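J.: Okay, handing you the structure first.
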Amino acid sequence: MPAVDKLLLEEALLDSPQTRSLLSVFEEDAGTLTDYTNQLLQTMQRVYGAQNEMCLATQQLSSQLLAYEKQNFALGKGDEEVISTLQYFAKVIDELNILHTELAKQLADTMVLPLIQFREKDLTEVSTLKDLFLLASNEHDLSMAKYSRLPKKRENEKLKAEVAKEVANARRKQHLSSLQYYCALNALQYRKRTAMLDPILGYTQGQISFLKKGSEMFSRKMDGFLSSVSSMIQRVHGELDTEADTMRITQQELLSGSDLIYTPDYDVNSPVINRNLIQKAGYLNMRSKTGLVTTSWERLYFFTQGGNLMCQHRGEVAGGLIQDLDNCSVMAVDCEDRRYCFQITAPNGKSSLILQAEGKREYEEWISAINNISRQIYLTDNPEAVAIKLNQTAIQAVTPITSFDKRVENPHVSETVKQTVVHTESRRQPAEERLQDSEPELLIAPGTPIQFDIVLPATEFQDQNRSGRRTNPFGESEDKNEKSPEEGSLLQQMFVVRFLGSMAVKSDHTNKVIFEAMRQVLAARAIHNIFRMTESHLMVTSKSIKLIDPQTQVTRISFDLENITQFGAHQENKRLVGFVVSIPEASGEESLSSYILESNTEGEKICYAISLGKEIIAAQKDPEALAQLMSSVPLSNDGKFVLLSDQPEEKNRSLDDEEGLESEA
């Protein structure tokens, strides 16, 4: 006998579209079996009815033959030979009627009754379990929808716990009903074989038993075949008993687990996250627009296949392509009052997809998996090992080291700006030559913590400066009689930047430490899926540099320009800029920290502003040097320095004759 197809009980809890699709095949098979059973039962009842009619007919025939003797014929009594012959025939028919009666009883017990029991018990049980399964599934969908709509803001823990408990109860109820339903469908695949064979076997055995007295030869021919059929039925019954025991044990094991598996996001505090996935599957909520300003969410089954994100509705045989993940970007987003939302954006930036995960673990793993797939790791020979390596090694997670060492000439940047990009103070030049080929470990200690936000957030400064005066980026004070702290500064330039991160460094003798810090900060953001950045206004003066909150104008952090020992811009990504700050400590030593920023304009302008500020500080000690500097660099109407423009420098012209200067303030 061929192997019997069956539903896997282990997949009942996930309730994936593949399982539902396979379930529909079993349901279709059960429906076909029900229709065929009804037709077969009608036919067998007709045979049984015919046999009962034969019993009544033969009994009536025997009585009719005996009644011949009692007939009053007009022409005299009946013939005695005829009467005796008819009585003999009546006796034979009575004996034959006994055989027909036994045959009718045997057909009722072995042919009609098993088929009726199969229909009323097994098929009705499957139909009832199907209705219970659909009810439990609908209840789970309703409770899951209610849970998904929990507000993110003003979160009510009591309401969340009640809804989560409701989801868990509905999920357990669905799990139990699906297990019972799957077991019944699996058992039906065995029972339908015996249900078809038992009736016809009973019919055949009854007919042979009926004919056996007059057909010994025919009976002997059928004995071997009937014995074989009986053995096969017994074997199927044995397999059914074994499978039933196995399913019963599996069901008990699956139901004996912790109730936490039914609760969504039960491990929110300490989820076990696998960031090395190259494929992922599960249910997500997808946001779609239903109008100009209205949106709706739909719970669908998503799975990755190669470099594609597939979507599948429940009951569908196969999924459809919804997003090509190659070279796409994925990031966490805030979506109305929904939690655990993330956005997938196409490489061209024109199309995006917003999805919601059920819990924190799923949310983190989906982002990590899509991030891994977008790098086309799945095309390598051993994608799992590559994913582990990329997520363990920060240097391998982003731009190679050589890209930070390249020097690409930009014809649209003045020579003065180019010189300031790779600025290093003359007093540190010998040390830089010694560390020109330094290893990254000599610049930044392995495992150095990275701060992804400004150490002192603006909220703390609001408390400290609530009664004080805020920094005005345009150099104006709120009180006209009160002087701005930056009024005495000859330089004041403003830039819009985003803070990427900061970390302690071991050396400030080479600008390579800035490039290494850039690489490690970007690598850490990629590995930990940190996409949010704090936007600030960077004010560069001839005294200090400050990061100012754009909303409150409160200074988030400030450094004296004299403590800036190293600064530089990335040679390929002009938006990246960094600087090293040396802060004296009580012990007499100095602590070095590197700050990495992303600007809207080219980072070279920021470097030039810092360089100009340091030159002003040095020149202020010598009036003649300051006068010479002010004569060589254009000034604004209020007597402050302005930055060089991005126009190309004309040949044979000095800095004194340079035109096209504009202010960034």
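J.: Sequence-distant or interchain residues sharing an amide H contact under 5 Å with residue 554, placed H: which?
T.: Hits under the 5 Å cutoff: 549.
J.: Tell me, what HN-Hα J-couplings in whole Hz come from the Karplus equation 6.51 cos²θ - 1.76 cosθ + 1.60 at θ = phi - 60° for each residue of region 122-137, using x for Gly and Pro?
T.: Coupling constants for region 122-137: 6, 5, 5, 4, 4, 5, 5, 5, 5, 4, 5, 5, 5, 5, 5, 5 Hz.
J.: OK, next. Once R0 is set to 51 Å, what does the formula 1/(1 + (r/R0)^6) return for the Cβ-Cβ distance between residue 268 and residue 242, expressed as a FRET efficiency to the nearest 0.05?
T.: Calculated transfer efficiency: 0.75.
J.: Quick check: the distance between the Cα centres of region 84-122 and region 53-76, to the nearest angstrom?
T.: 22
J.: Separate question: Provide the solvent-accessible area of residue 26, counting protein heavy atoms only and rolling a 1.4 Å probe, rounded to the nearest 10 Å².
T.: Solvent-accessible area, nearest 10 Å²: 10 Å².
J.: Could you pull out every residue, at least 5 positions away or on a different chain, whose amide H is within less than 5 Å of the one on residue 492? Hs are placed 1.01 Å off N in the peptide plane, and Pro or chain starts have none.
T.: 641
J.: Pick out, in residue order, every one of the trypsin sites (Lys or Arg not before Pro) in region 1-108 that is DSSP loop and has at most 16 other C-beta atoms within 10 Å; say none if there are none.
T.: Numbers: sites: 6, 20, 46, 70, 77, 91, 105; in loops: 6, 70, 77.
In loop regions of region 1-108 (DSSP not H, G, I, E or B), the sparsely surrounded trypsin sites (Lys or Arg not before Pro) are 70, 77.
J.: Check which residues have an amide H placed less than 5 Å from residue 444's amide H, if you skip close sequence neighbours.
T.: Hits under the 5 Å cutoff: 506.
J.: Also, I was wondering about something else. Say each of residue 24 and residue 575 gets a label point 7 Å from the Cα, pointing the same way as Cα to Cβ; how far apart are those two points in nm?
T.: 4.5
J.: Quick one: accessible area per residue over region 79-154, 1.4 Å probe, rounded to a whole number of Å²?
T.: Per residue, region 79-154 has an accessible area of 60 Å².
J.: Relative to the present Cα-Cα distance, how much length would full extension add between residue 382 and residue 32 at 0.36 nm per residue of separation?
T.: 121.4 nm
J.: Please list, by residue number, every one of the GluC sites (Glu not before Pro) in region 1-99 that is coil in DSSP and has at most 15 other beta-carbon atoms within 10 Å.
T.: Those that pass, being in a loop and sparsely packed, are 69.
J.: Calculate, in nm to one decimal, what residue 71 and residue 250 gain on full extension: separation in residues at 0.36 nm each, minus their alpha carbon distance.
T.: 56.9 nm
J.: Say the cut-off is 27 Å between C-alpha atoms; which of 152/546; 289/360; 546/605; 70/212; 350/574; 360/512 go over it?
T.: In this structure, 152/546; 70/212; 360/512 exceed 27 Å between Cα atoms.
J.: May I pose another question? What trypsin sites (Lys or Arg not before Pro) does region 113-153 have in DSSP loop regions with at most 15 other beta carbons within 10 Å?
T.: Qualifying residues, ordered by number: 149, 152, 153.
J.: Could you tell me the accessible area of residue 310 in Å² (1.4 Å probe, neighbours in place), rounded to the nearest ten?
T.: 20
J.: Here's another thing I want to ask about it. Pull out the extension gain between residue 200 and residue 552, defined as 0.36 nm times the separation in residues minus the alpha carbon to alpha carbon distance; nm, one decimal.
T.: Difference between extended and current length: 117.8 nm.
J.: Please work out the FRET efficiency for the pair residue 336 and residue 258, using the Cβ-Cβ distance as r and a Förster radius of 30 Å; give the result to the nearest 0.05.
T.: Efficiency for this residue pair is about 0.35.
The values are calculated or read from the model by the stated rules, or taken from the named source; none is laboratory data. The shown structure was predicted, so the numbers you read here are calculated from the model rather than taken from an experiment. Don't worry about glycine lacking a Cβ; one is built from the backbone with ideal geometry, like all the others, and counts go over all protein chains shown. These area figures cover heavy atoms from the full protein model, side chains too; ligands, DNA and RNA do not enter into them. Shrake-Rupley method; radii C 1.70, N 1.55, O 1.52, S 1.80 Å.
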